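Structure record follows, encoded as structure tokens.
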Amino acid sequence: MSEYLLEMKGISKSFPGVKALQDVDYQLKAGEIHALLGENGAGKSTLIKVLGGIYHPEKGSIFIDGKEAAITDVNAARDNGISIIHQELVLVPRMTVAENIFLGREPKGTFGVDKYKMTKDAQKMLDNFNVGIKADMEIADLTIAKQQMVEIVKAISFNCRILVMDEPTSSIADKEVNALFSIMRDLTKRGVGIIYISHKMSEIFEVCDRVTVLRDGMYIDTCNVPETTRDQLVSLMVGRELDQYYVRDYEASDEVVMRCTHISDGKKLHSRVKDVSFELHRGEILGFSGLVGAGRSETMQCIFGLTKGSKGEIELEGRKVEIRSAMDAMRYGIAMVPEDRKLEGLYHTQSVRFNSTIEVLDQFISHLYVNTAREAEITQEYIDKMHTKTPSQEQMVTNLSGGNQQKVMIGRWMATAPKVLILDEPTRGVDVGAKAEIYEIMNELTKQGISIIMISSELPEIINMSDRVYVMYEGRITGCINREDISQESIMHLATLETTGGNDHD
Ligand SMILES: Nc1ncnc2c1ncn2[C@@H]1O[C@H](COP(=O)(O)OP(=O)(O)OP(=O)(O)O)[C@@H](O)[C@H]1O
Ligand SMILES: [Mg+2]
């Protein structure tokens, strides 16, 4: 018997212009949770896709229980006991939760697929997580967090020996994360080896036994988690010391730029936004905190003109404005980086340059010709500012790593120089170095008088970067906290505060 359940040896994989993996080794023991850590674009997902039979490496071999395994395709991976939760969701939107979980292995009855059994079995698995997902719901009707839970339930349902999780918790709530961790621990007791990818350092320390660090497609080191520190891991990842992650270094004015009053989504049933009122000051970073599902994103969608039938008043610089569409919002100088960059924002089969400048394109078009030099200049400015990892401006966005896609998206909206910039989970899936860069850019924008609304589920980010914080609970604002009073306690208190009439559970 080999000491290792899985060994990947000397794996190399290139894409045009990119050496995604160079001679990478990785070893997984049975019963361990082994983190894979690295900056955006370091090669984590690529390594996983090699293991999953999606990419074929130019070089290298894979051993399972000490025997070389030929993982030629996705089925071969599955036959070898490998199950993967990919970073991007791959569920079929117009099918039910149960159908997605059992896709390709539906239980058969006398008359074809036994839907009853399938739904019942799926429901049982879902109930283990206690997240209130119904097996007969369509995927498209679930929030992103819930879709992610379905992915997790599905992957675990394969009775695999090697479970890979590529940023499984990027959009799920703490309660669900805890359920996930306890299920992971159960699995390891049964000898399953888990490969865990996350940019959330606290998770690595909470749940992982060992950690392997990649940088620029190369193997850097493997450490035992109890014997390492956060700072050590960060410097292995970025190859330099990073001492300050969050610094808010600007004082906002008291001048009100935007005033929103009595905003609601106008829905009678399952309303997610109920009578929300708030003020935004010039040059301010206004945090929006709350539990996942509190209605923060939905509130911003109403303001940005994305919700048909939404109600309420919006005043911009003292003038009442009617925003019926995103176009209206943009015309008034409001920009929004949405939560789910996959569905809502990026043009995946277009280049980095196209995606970077699509919102400011009209600035380059004069007398019917596009100023391509200016376009390239803006694109380069944001590639440099954000340290976006791309072989060129022509690269298709779909080929960038997850975190780098996020950077393109944020850069695009920053380039429009809006009055109000709404950022929904701006650093989700972004590595520590890039986080610091995004914070720096946010500081810089506020100095130019731009006001930022930042929705974030990461408390340290809210606490350290916000000038004031509004907290929501079940569609309502439960309070506003001024800078000097912002703390984990004050936020959590408001985030779980019951308000009258807010008994509309999701
Ligand atoms: N299909 C592809 N075509 C071209 N380049 C690709 C492709 N897939 C990945 N790359 C490139 O390979 C490198 C490694 O990407 P990978 O997705 O493995 O990074 P990652 O470590 O998972 O990053 P993140 O934390 O952002 O998810 C990146 O430079 C990326 O742009
Ligand atoms: Mg990745």
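General remarks:
- Taken over segment 448-464, the criterion of being under 18 Å from VAL432 (Cβ atoms) and under 19 Å from the mean Cα position of the chain (by Cα) is satisfied by MET454, SER456, SER457, GLU458, LEU459, PRO460, GLU461, ILE462.
- If you go through segment 412-450 and keep only what is farther than 16 Å from TYR246 by Cβ, assigned to a helix (DSSP H, G or I) and of a type outside the set (A, V, I, L, M), you end up with ARG412, TRP413, LYS447.
- A Cβ distance below 8 Å, combined with a sequence gap of six or more or placement on separate chains, defines the contacts here; from segment 390-408, residues that are assigned to a loop (DSSP other than H, G, I, E, B) reach residues that are within 8 Å of ligand 1 (Cβ to nearest atom) and of a type in the set (Ser, Thr, Tyr) in the pairs LEU400/THR390; SER401/SER45.
- Flag for GLU106 being charged (D, E, K, R), over 26 Å from the mean Cα position of the chain (by Cα) and surrounded by 13 or more Cβ atoms within 10 Å (Cβ to Cβ): yes
- Checked against the criterion of being in contact (Cβ under 8 Å) with a residue 60 or more places away in the chain, assigned by TED's automatic domain parsing to the domain that holds ARG428, closer than 28 Å to ILE172 by Cα and aromatic (Phe, Trp, Tyr), segment 271-286 contains one or more residues that satisfy it.
- Failed item, numbered, when GLN147 is tested on (1) more than 19 Å from CYS208 (Cα to Cα); (2) touching a residue at least 60 places away in the same chain (Cβ under 8 Å); (3) more than 16 Å from ligand 2 (Cβ to nearest atom); (4) not hydrophobic (A, V, I, L, M, F, W, C): (2)
Here is a yes/no grid of residues against (1) surrounded by fewer than 19 Cβ atoms within 10 Å (Cβ to Cβ); (2) not hydroxyl-bearing (Ser, Thr, Tyr):
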position: LEU180; (1), (2): no, yes
position: ILE194; (1), (2): no, yes
position: GLU206; (1), (2): yes, yes
position: MET218; (1), (2): yes, yes
position: THR229; (1), (2): yes, no
position: LEU236; (1), (2): no, yes
position: VAL247; (1), (2): yes, yes
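- Residues satisfying the stated conditions in segment 45-55, i.e. out of contact with any Phe, Trp or Tyr (no Cβ under 8 Å at 6 or more places or on another chain), on the phi < 0 side of the Ramachandran plot and touching a residue at least 24 places away in the same chain (Cβ under 8 Å): SER45, ILE48, VAL50, LEU51, GLY52, TYR55
- The listed residue being surrounded by 15 or more Cβ atoms within 10 Å (Cβ to Cβ), touching a helix residue (DSSP H, G or I) at 6+ places or on another chain (Cβ under 7 Å) and at pLDDT 85 or above, out of ILE410, ILE378, ILE314, ILE334: ILE314
- Note on segment 158-177: residues that are within 16 Å of ligand 2 (Cβ to nearest atom) and under 27 Å from GLY290 (Cβ atoms) total 7.
- Test: residue in segment 47-67 that is touching a helix residue (DSSP H, G or I) at 6+ places or on another chain (Cβ under 9 Å), of a type in the set (Asp, Glu) and assigned by TED's automatic domain parsing to the domain that holds ILE101: no
- Residues satisfying the stated conditions in segment 140-168, i.e. among the β-branched types (Val, Ile, Thr) and outside any strand (DSSP E or B): THR143, ILE144, VAL150, ILE152, VAL153, ILE156
- Residue tally, condition in contact with a Lys or Arg (Cβ under 8 Å, 6 or more places away or on another chain) and not acidic (Asp, Glu), over segment 371-413: 14
- Every residue from segment 1-56 that is away from ligand 2 (no atom under 13 Å from the Cβ) and aromatic (Phe, Trp, Tyr): TYR4, PHE15, TYR26
- Taking segment 17-66 and the strands (runs of 3 or more DSSP E) fully enclosed by it, the elements with 2 or more residues that are within 12 Å of ligand 1 (Cβ to nearest atom) are at 18-28, 33-37.
- Some residue of segment 459-469 being buried (at least 16 other Cβ atoms within 10 Å of the Cβ), in contact (Cβ under 8 Å) with a residue 12 or more places away in the chain and either part of a strand (DSSP E or B) or not assigned by TED's automatic domain parsing to the domain that holds GLY266 (or both): yes
- Taking residues in segment 305-326 that are closer than 15 Å to HIS262 by Cβ, and partners anywhere that are of a type in the set (Asp, Glu), the pairs with Cβ atoms closer than 6 Å and at least 6 places apart or on different chains are THR307/ASP265; SER310/ASP265.
- Of the residues SER253, SER235, the single one that is under 26 Å from the mean Cα position of the chain (by Cα) and of a type outside the set (A, V, I, L, M, F, W, C) is SER235.
- Per the conditions (1) under 29 Å from LYS389 (Cα atoms); (2) outside any loop (DSSP other than H, G, I, E, B); (3) among the β-branched types (Val, Ile, Thr), the sole criterion not satisfied by THR261 is (1).
- Test: residue in segment 417-431 that is within 20 Å of VAL18 (Cα to Cα) and within 16 Å of ligand 2 (Cβ to nearest atom): yes
The values are calculated or read from the model by the stated rules, or taken from the named source; none is laboratory data. It should be emphasised that the depicted structure is a prediction, and the values quoted were computed from it without experimental measurement. Neighbour counts run over all protein chains shown; Cβ positions are idealised from the backbone, glycine included.
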